[in-house]
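See structure below.
The values are calculated or read from the model by the stated rules, or taken from the named source; none is laboratory data. Because the structure is a prediction, the values reported are computed rather than measured. In this analysis, Cβ positions are derived from the backbone assuming ideal geometry, glycine residues included, and neighbour counts consider all displayed protein chains. Side chains included, ligands, DNA and RNA excluded: accessible areas come from the protein's heavy atoms. Shrake-Rupley method; radii C 1.70, N 1.55, O 1.52, S 1.80 Å.
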Amino acid sequence: MTVSQITLNDGNTIPQLGYGVFKVPPADTERAVSEALEVGYRHIDTAAIYGNEEGVGAAIAASGIPRDELFVTTKLWNDRHDGDEPDAAIDESLSKLGLDRVDLYLVHWPTPMRDNYVHAWEKLIGIRERGRATSIGVSNFLVPHLERIVAATGVVPVVDQIELHPAYQQREVADWAAAHDVRVEAWGPLGQGKYDLFGAEPVASAAAAHAVTPAQAVLRWHIQHGFIVFPKSVRRARLEENIDVFGFELTDAEMRGIDALDPGDGSGRVSAHPDDVD
Ligand code: NAD
C-alpha cells in the first residue's frame, strides 16, 4: 500500500491520506490508532478539542515507528487565540502527544465574531519559528479570512482544512487555495455519513465499475482532485478499506459525474458554517 505524498508550499511533505480521530472516544483511541498504524497509516489528524491526544501519543510511542515516518497534526481550540494562550496550548498538546513537535499545527476555526484569528495566526508563526510545529495552517477559513491573515503577515498557510465532500465542494475556497499554493484538506470526506452519498448513482456506478466500495470511490475522487483526506472509522476492516484507494483510477467521466453532485447553492453542507462557530 503506497500512499501518495503531497508537497506543501514550505517544502515539507504530507501523506495524502491519513486517519482522523474526531469522535474517537479517548478510551478507545490508543487501540484505534495502533490498528491504523498497523494497517499502514502514517498520518494522524487530531485536535486539542477531541480530547484524545494522549491516546494518539500512547499509540505512537508503543508503535516503535521512527518519528520521521509519521505525520501528526493537531489544532488550536477557539478559546485559546488570545495573548500567549496559543503558546501554552501547543505545549499542552505536545505534552499529551508525547512529542517535541507536531508536523502540522492548525488554527481550528476563525471564530470571526471574536476578531482574533490574525493574532492566533501570528502566534502560530512564532510556534513554527521555535520548532514546536514544522508546518502551520488553518482550518475552516473562508476566502476573506485567508486574505486577511496573508495581508497581515505575508505568511501563507500550507493547508486549509475545510468541510468538503461531493455534495459540498467549496469551490470558492478551493479555487483561492489553488491560486495561492495552499493545499486543501477535506474534512468529512464521506459527508460524515449524514446523507446518502454511497447510494448516489455516479458513486455507486463508479464503485461497481472498479469493483470497489462506494466509500473507496469517494475517497479516490478526493485523491484525484489533489485533496488531502483522513477518513474516520474505529473498525479495522474499514481502516483497511479506506487506505486501499491507490490501486485504481476513476475515469474523467466518473470524476465529472461525482463533481455534479454539488447542487452549487451550499445546501450540501452537513456541519457548521465557519461564521457561526464561536
Ligand atoms: P467522515 O466523512 O470521515 O465520516 C466518518 C463516518 O463515516 C464514520 O463515523 C463512519 O461511520 C463512516 N465510515 C468511515 N469509513 C467508512 C466506510 N469505508 N464505509 C462506510 N462508512 C464509513 O467524517 P469526519 O470523521 O467528520 O471527518 C474525518 C476527519 O476530519 C475527522 O476524524 C477529523 O480528523 C477531521 N475533522 C476536522 C474538522 C475541523 O473542523 N477541522 C471537523 C470535522 C472533522
Legend entry - Check on residue 258, touching a residue at least 60 places away in the same chain (Cβ under 8 Å), of a type in the set (A, V, I, L, M, F, W, C) and in contact with a strand residue (DSSP E or B) (Cβ under 9 Å, 6 or more places away or on another chain): no
Inset, instruction - Could you please find all residues in region 177-191 being surrounded by fewer than 19 Cβ atoms within 10 Å (Cβ to Cβ) and not aliphatic (A, V, I, L, M)? - result: 180, 181
Legend entry - Pair list, Cβ under 9 Å, 6 or more apart: region 121-132 residue closer than 14 Å to residue 94 by Cβ, other residue acidic (Asp, Glu): 127/87; 128/10; 130/87; 131/100; 132/87; 132/91; 132/100
Inset, instruction - Sort out which residues of region 212-226 are crowded, with 24+ Cβ neighbours inside 10 Å and either over 12 Å from residue 250 (Cα atoms) or of a type in the set (Phe, Trp, Tyr) (or both), and write them in order of number. - result: 221
Inset, instruction - Please give the number of the condition residue 238 fails out of (1) surrounded by fewer than 23 Cβ atoms within 10 Å (Cβ to Cβ); (2) more than 8 Å from the ligand (Cβ to nearest atom). - result: (2)
Legend entry - Pair list, Cβ under 7 Å, 6 or more apart: region 82-106 residue at pLDDT below 95, other residue among the small types (Gly, Ala, Ser) and open to solvent by 10 Å² or more (accessible area, probe 1.4 Å): none
Legend entry - Pick from region 29-50, criterion within 13 Å of the ligand (Cβ to nearest atom) and of a type outside the set (A, V, I, L, M, F, W, C), ranking: farthest from residue 75 (Cα to Cα): 41
Inset, instruction - From the list 202, 189, 157, 144, pick out the single residue that is part of a loop (DSSP other than H, G, I, E, B) and away from the ligand (no atom under 11 Å from the Cβ). - result: 157
Inset, instruction - Hey, can you tell me all the residues within region 96-142 that are of a type in the set (Ser, Thr, Tyr) and more than 23 Å from residue 230 (Cα to Cα)? - result: 111, 117
